[in-house]
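Read-outs: derived from the displayed coordinates by stated rules, not from any lab. Values in this document were obtained by computation on a predicted structure and should not be read as measured data. So basically every Cβ, Gly included, is an ideal-geometry build from the backbone, and we count neighbours across all protein chains shown.
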Amino acid sequence: MKLPKTILMYPMTLASTAAHLVMRFQQNLAELVTKGDSTLESIFPPKDEKPEWATFDEDLPDAAENTAGAPDASPEGGDGDRRAEGRFALYSVSDAPESSDAPTKRARQSKKAAVPQPPVVAELDYPALTLAQVRARLQSLSVDELEALLAYEQATKARAPFQTLLANRITRANAK
């Protein structure tokens with residue numbers, strides 16, 4: 001009578017025993033790896049070297065930190081344009097204050113002041129738009145308006161993602 005019930009339980013008992021053995025093996029292996037790591041660390045102590053190219057916020061001296069008090073100003077006194085590039089360029093607008101001690105920045109500011117603003121720039125409030133917002137509005141613009149926007153972007157901020165977006169849209173519009 002007990003034989004049929006016992007035979008039915010053997011596969012489950014066998015599977016649970018096999019799982020127990022595998023888990024026990026993994027635990028023993030992990031313990032050996034930990035002991036090996038500590039042994040190697042005692043023989044070859046780790047070096048606390050920092051690469052010379054690596055800089056962190058806490059490594060910067062207090063005097064070089066954000067003298068303008070703006071969170072977007074770069075510690076090196078840069079103009080902050082780098083913040084709008086890369087991974088977050090799609091959703092950011094770079095309006096960081098520029099320091100007035102660099103001659104190239106003064107030349108760029110005077111160049112911005114001399115650039116006439118096309119009507120499409122004022123209509124879209126282009127300087128305040130992010131890359132995603134510009135992309136959403138491109139479909140409704142003519143080729144002439146796109147070219148005016150591209151010329152304005154090149155003459156003012158010269159942001160690579162914006163220039164690429166506008167140039168690609170002009171190419172697609174001309175191909176149609």
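Structure notes:
- Using the Karplus relation 6.51 cos²θ - 1.76 cosθ + 1.60 with θ = phi - 60°, the per-residue 3J(HN,Hα) values for the stretch 29-35 come to 5, 4, 5, 5, 5, 4, 5 Hz, with x marking Gly and Pro.
- Ranked list, fewest to most other Cβ atoms within 10 Å of each Cβ, for 162, 25: 25, 162
- J(HN,Hα) series, the stretch 136-144, from Karplus relation 6.51 cos²θ - 1.76 cosθ + 1.60, nearest Hz, glycine and proline x: 5, 8, 5, 4, 8, 9, 7, 5, 4
- The orientation-averaged shadow of the Cα convex hull for the stretch 1-42, equal to a quarter of the hull surface, comes to 2.8 nm².
- Local charge for residue 165 was computed over the other residues whose Cβ lies under 12 Å away, with Lys and Arg +1 and Asp and Glu -1, and equals +4.
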